[in-house]
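Worksheet: the structure to be examined is printed underneath.
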Amino acid sequence: MSSSQPPVVSPAIPSAEYSQHPWIGLVYLGFVFLPMLFSRGNVHLALLASGLACAMFIPLWFRFLRSDTGQRTQVAQIATTALLGYALIPFNPGGNTFVVYSMTMAVAVLPVRLALWLAGGSWILMTLQFLWVLPDARTALGISLAIAVVGGMACTGILMARTRERQQAVLKLSQDEVRRLAALAERERIGRDLHDVLGHTLSLVVLKTQLARRLLQRDTSAAEQQLTELEHAARAALDQVREAVSGIRTTGLVAELAAARLALLSADVQVDIHLESIELPAQIDQAMAMILREAITNVMRHAKAKRVEVRLSAKPQDSGTEWRLQIVDDGVGGAMAKTGHTGFAGFAERMQALGGRWEIDSPSGAGTCLQFIAKQPDGCRNETCT
């Protein structure tokens, strides 16, 4: 045994990001070999035992981070990792690294109360081993306390990450609920419009048809007049139905603003929304909603922003009302220098369909400012304007 080797506290912290980059979590294996640098005795046996322990742990670690690994398997992997540490400590006190790994792995995937009990029990067993392996009890207790501090910090960090993930999941559900309610409200609006249009017109069609049938027997010209009026009523109903259907909106701007706020807050981005008490025409409202969704998606994927400001304003002009949607972030900027930005083509197409324009100011390192300007002609209010 290499009892003269001072153990090194090892901050092994498995976290969610390791699922994408599992090699990152293995850097802490260096702490396994660090005590041997201070050993004055023969370290060949300790080196061999440490190498075997690492060789056994690495595939276990990769399997642990896979999304399809069941909880029972993860519990077995946590126990195996702890046993590797306990088996290695008599040869190399750096085996405490595996015990800290097992503590943080437990906190990462198990119910919190159970994980904390397991982490505490693992630390107590490790302390007892140090008291047995190390000649000085005071040194053993001091090192165990240091490991408790580091392991506690690691477990606290993982618990905070788990809490944040739960909050993000709740916000995501809220965001989906906002869109669902917006779609439901739109369907109800369409139902009311169609009921009003078709209910009145079909009643008129029934009456005209009955009257024309009676008149056919004695007054052909009067019957023809009724049929002509019936045709006009049917054509008018068809036009009204087309108008109602053309106003269908997948998601309104107000609902999309609420969803954007939830999405940004879930990503720890501060949001400032300045929305005037105004109602957009249906076509502009739908286009601006889709533009806002694409712009916020770009911010979350590429901007690395800490703050986003969204502003919607209306400015009366001689030719009509000018609507301006402005989205500003304090991210990395340089958006125009990036290739493969299909969102920009979408912006241009939507604004071209509205007869409007869009502008971008995105100097590198100074954030991005997007502006979308569309005009509402005079005499066009809440209906779809073409």
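The values are calculated or read from the model by the stated rules, or taken from the named source; none is laboratory data. These figures come from a predicted structure and were not determined experimentally. Glycine gets a Cβ as well: all are built from the backbone with ideal geometry, and neighbour counts include every protein chain shown.
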Of the residues in segment 105-138, those that are farther than 27 Å from residue 65 by Cα, polar (S, T, N, Q) and touching a residue at least 40 places away in the same chain (Cβ under 8 Å) come to 129
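To keep it simple, each residue is scored yes or no on (1) modelled with pLDDT of 90 or more; (2) crowded, with 24+ Cβ neighbours inside 10 Å; (3) at positive phi; (4) outside any helix (DSSP H, G or I).
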{"site": "73", "(1), (2), (3), (4)": "no, no, no, no"}
{"site": "85", "(1), (2), (3), (4)": "no, yes, no, no"}
{"site": "90", "(1), (2), (3), (4)": "no, no, no, yes"}
{"site": "95", "(1), (2), (3), (4)": "no, yes, no, no"}
{"site": "99", "(1), (2), (3), (4)": "no, yes, no, no"}
{"site": "117", "(1), (2), (3), (4)": "no, no, no, no"}
For segment 230-258, give me each residue that is modelled with pLDDT under 75 and charged (D, E, K, R).
231, 235, 239, 242, 243, 249
So which residues in segment 271-309 are crowded, with 17+ Cβ neighbours inside 10 Å, in a loop (DSSP other than H, G, I, E, B) and under 24 Å from the mean Cα position of the chain (by Cα)?
305
